[in-house]
Amino acid sequence: MGKTLIQQARGHGSLSYRVKHSTFYIKPEYPQNLNNGEEYEVVKIFSPMSHTSPIVKLRSKDGKIFHNFAISGMFEGQKIIIGGKEDGSIDKIGNMENGTIIFNIEINPKDGGKLVRSGGNSAVVTGRKGESIIIMLPSKKEKIISAECRATIGKTAGSGRLDKPILKAGKQHYIKKSKSRLWPRTSAVKMNAIDHPFGGGRGKRIKSKIAERNAVPGQKVGHIRPRRTGRTKR
């Protein structure tokens, strides 16, 4: 009898493959209501394992608190203004000029920020298309989003984190473990037949097969269920 596949073990949700809850004790996102002209002060700067960029705790004069990603060169005691034009300010993308460097961008208005959040990354406002804004992502691909989406002006702190090479496998192990990433990944065709349906060295020309839509990860074994099969009706 073969062993449990890695996909099945991870899908079971055991402690071996689950991220520690304390890793994500801070959730950086924009509040639902941010009024133009409000001033926030950087109270504290964190460096959690869950993100590659430092996170700052912001507090207003009224005592409202939220967390956001730090810009390059940010320090405790720094003041930022909602709707301002300086680095670190938060505003709607529709109010920004072309060429503005931004990060932590919302995909839908008031979703809290979803795009360009890793250390050292930034996007650029490149143009307008009707009521929408065109931005250039770090991957050099353009994306069209609503002008009501919010973003932070500047570049995310933490650049240069990939410049220093990882010299030992042990360091990579702990980096991946802190984020519950699967590493190292073994190719299925290199396994023994008892460990994986693709293993054994025979028949490496794998025939495609269709898995059920609601099949568990171990039954899919690397295949993605297509939206439909067969010829289209005319």
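Segment residue 95..residue 175, full-extension length gain: 24.9 nm, with 0.36 nm per residue of separation and the alpha-carbon distance subtracted.
Ordering 87, 62 from the fewest to the most neighbouring beta carbons within 10 Å gives 62, 87. Computed from the C-beta positions of residue 118 and residue 12, the FRET efficiency with R₀ = 45 Å rounds to 0.95.
What is the local net charge at residue 161, summed over the other residues whose Cβ is closer than 14 Å to its Cβ (Lys, Arg +1; Asp, Glu -1)?
Counting the neighbours of residue 161, the net charge comes to +4.
Under 5 Å from the amide H of residue 30 lie the amide H atoms of 112, 113, each residue being 5 or more positions distant or on a separate chain, with H modelled from the backbone and absent for Pro and chain starts. When only alpha carbons of region 21-153 are considered, Rg and Dmax amount to 14.2, 44 Å.
Of the residues 103, 24, 66, the one with the fewest other Cβ atoms within 10 Å heads the list, and the complete ranking is 24, 66, 103. Computed 3J(HN,Hα) for region 151-167, one whole-Hz value per residue from the Karplus formula 6.51 cos²θ - 1.76 cosθ + 1.60 where θ = phi - 60°, is 7, 9, 7, x, 10, 5, 6, x, 5, x, 5, 9, 6, 7, x, 8, 7, glycine and proline marked x.
Extending 7 Å from the Cα toward the beta-carbon at both residue 139 and residue 3 defines two label points whose distance is 3.3 nm. Computed from backbone phi, the HN-Hα couplings of region 188-202 come to 5, 6, 8, 7, 6, 4, 6, 9, 7, x, 8, x, x, x, 9 Hz, rounded to whole numbers (Karplus: 6.51 cos²θ - 1.76 cosθ + 1.60, θ = phi - 60°; Gly and Pro given as x).
For every other residue with a beta carbon closer than 12 angstrom to the beta carbon of residue 46, add +1 if it is Lys or Arg and -1 if Asp or Glu, then tell me the sum. Write down the numbers at each step before the final one.
Numbers: positive: 27, 44, 57; negative: 76.
Here the count lands on +2.
Using a Gaussian network model of the chain with C-alpha springs under 10 Å, which one of 101, 166, 45 is most mobile by mean-square fluctuation? Judging by the Gaussian network model, the answer is 166. Between the helical axis of 169-178 and the dominant principal axis of the chain, each derived from Cα atoms, what acute angle in degrees is found, rounded to the nearest 10? Roughly 70 degrees between the two axes. Residues whose amide H falls under 5 Å from that of residue 68, counting only those 5 or more places apart or on a different chain, are 56, 58, with hydrogens built in the peptide plane.
Here the Karplus relation 6.51 cos²θ - 1.76 cosθ + 1.60, evaluated at θ = phi - 60°, turns the backbone of region 87-95 into coupling constants of 4, x, 6, 10, 7, 6, 5, x, 8 Hz, with x for every Gly and Pro.
Throughout, read-outs are computed from the coordinates displayed, never taken from laboratory work. These figures come from a predicted structure and were not determined experimentally. When we count neighbours, we look across all protein chains shown, and the Cβ atoms used for this are built from the backbone with ideal geometry, even at glycine.
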